[in-house]
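Novice: Handing you a structure now.
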Amino acid sequence: MNRKPKILVVGSIIMDLLLLTKRVPLPGETILSEKYQFGPGGKGSNQAVASALMGGDTTFVCKVGDDEFGKQLQQSLINKGVSVDYVSVNPNKQSGFCVIMLEDGGNNRLITHLASNADLSKADIDRAFEQEDYDGMIIQFETSEESIIYACDKARAKGIPIIVDAGPSVNFPLEKIRGLEILSPNETETATLCGVTPTNEIDGKKAAEILAERSGAKHIVLKMGDKGSMHYTNGQIMHYPSHKVNAVDATAAGDVFTAAMAVQYLQHGDIGKAIKYANIAGALTVTKVGAQDSIPTAQDVAAFGKAE
């Protein structure tokens, strides 16, 4: 494929409040934050922005509230090159909101209120599929189960490859979205979905076999943080090592990995090459603070690859 892959992202969009602190408070304790900042986030929105910055022709289906955050979130998407033709507004709910406590060293704690995201409807999804065709769809588990299953049914009926980022960590009924192109959970999400934590290649293969059986996915790609990633297909598991960087904030790294992998895979069909590219994109993301403020461009990834 010589042109940009045309990618539909269906999912969540959330305004983040990031609090930088030396450590999180104990129960009943009040501590002082060193800094705070607002910024766009949500797994779906992160992946839509990353897809656009990595070279995808990206359309996003999501739902915001009729409030100032909703307006800011939409404008941010436009500024990053994401089509907002199918972003809808719920006049009766607030936009999604997340509080992120980021500790020194890069560990974080998140509390999310989905708000309008929980009301993403079949009609919202239908509009995007009725008007355009896509080379692939990226979806996550941060909207209602019904909307996720429906979007996957629509994509499958049109022969559109489905890439699922299995976050956040929920015991989703994978059997209801069988026929995936790629299923990509992180370590915690893997354990939640199949009861096996992939700390090594033996356990990784065991977990991937279960996930492949349940989801019918052609490729299982396990995100392992600073341990890299593992790819399972046709009974074989392969490990792809991570890149050494100065990690300051892991927020959105998994989202960026999935989007970068999806763009590359849909571009040339080489899953191994796509995973190597995604490992670089995820590594660069953790070197900056924030969700979408930390997402690298395709040029950033290319420059890092040449410098190594």
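Here, each number is a calculation from the coordinates, and none is a lab measurement. None of these values were measured; they are calculated from a predicted model. Glycine gets a Cβ as well: all are built from the backbone with ideal geometry, and neighbour counts include every protein chain shown.
Novice: Need one number: convex hull volume per residue for the stretch 1-44, Cα atoms only, in Å³. Before the final figure, lay out each step's value.
Specialist: Details: hull volume 6.4 nm³, N = 44.
Expressed per residue, the convex hull around the Cα atoms of the stretch 1-44 is 146 Å³.
Novice: Here is a further query. Are there DSSP H segments in the chain that both extend 24 Å or more along their axis (alpha-carbon positions) and score a mean Kyte-Doolittle hydropathy of at least -1.0? List them, or say none.
Specialist: The answer is none, since no helix passes both cut-offs.
Novice: What is the local net charge at MET261, summed over the other residues whose Cβ is closer than 15 Å to its Cβ (Lys, Arg +1; Asp, Glu -1)?
Specialist: 0
Novice: While we're looking at this one, here's another question. Report the normalised scattering of the stretch 111-185 as log10 I(q)/I(0) at q = 0.13, 0.17, 0.22 Å⁻¹, calculated by the Debye formula with identical scatterers on the alpha carbons.
Specialist: -0.37, -0.63, -1.05
Novice: Further question on the same structure: All other residues with a Cβ under 12 Å from the Cβ of VAL89 taken together, and with Lys, Arg as +1 and Asp, Glu as -1, what is their net charge?
Specialist: The answer is -1.
Novice: Could you tell me the distance between the Cα centroids of the stretch 235-307 and the stretch 1-62, to the nearest Å?
Specialist: 15
Novice: Roughly how big is the chain's charge dipole about its Cα centre, with Cβ charges of +1 (Lys, Arg) and -1 (Asp, Glu), in debye to the nearest 20?
Specialist: 540
Novice: Could you work out the helix-only [θ] at 222 nm for the chain, with each DSSP H run of four or more residues adding -39,500 (n - 2.57) and the total divided by the number of residues, to the nearest 500 deg cm²/dmol?
Specialist: -11000 deg cm²/dmol
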